[in-house]
1. Going through segment 16-56 one residue at a time, which ones are within 10 Å of the ligand (Cβ to nearest atom), among the aliphatic types (A, V, I, L, M) and in a strand (DSSP E or B)?
2. When the residues of segment 37-60 are narrowed to those that are modelled with pLDDT of 90 or more and aliphatic (A, V, I, L, M), which ends up farthest from the chain's Cα centre (by Cα)?
Amino acid sequence: MGKYGKMKLGTTVEINTQVVNGRCPFCKADSLLVSIHKTIFRCMHCGSDIEQKVNGKISYIPLGGNIHMVDNTRDLTNG
Ligand SMILES: [Zn+2]
């Protein structure tokens with residue numbers, strides 16, 4: 001009987017985390033941006049996800065959706 005105990009799939013977790021300096025469009029701060037996807041970066045300052053656009057120059061735009069808008073002004077209730 002052969003030994004087939006070594007059925008281990010190569011679990012190579014490849015995380016190419018790239019950290020760049022950029023200007024976050026949310027908090028308007030020069031912050032560290034960590035790539036969580038090819039062109040998606042996360043601001044280390046405010047935690048927002050932004051998309052990197054490269055057209056001539058690199059610019060960062062806010063990602064649509066998934067943006068938490070904390071609206072505390074609508075606290076009025078008409079009884
Ligand atoms: Zn930010």
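The values are calculated or read from the model by the stated rules, or taken from the named source; none is laboratory data. Keep in mind that what you see is a predicted model, and the values were worked out from it rather than measured. All Cβ positions, even for glycine, are placed from backbone atoms using ideal geometry, and neighbour counts span all protein chains on display.
1. Listed by number, the residues that qualify are L32, L33, I50.
2. Out of the qualifying residues, it is M44.
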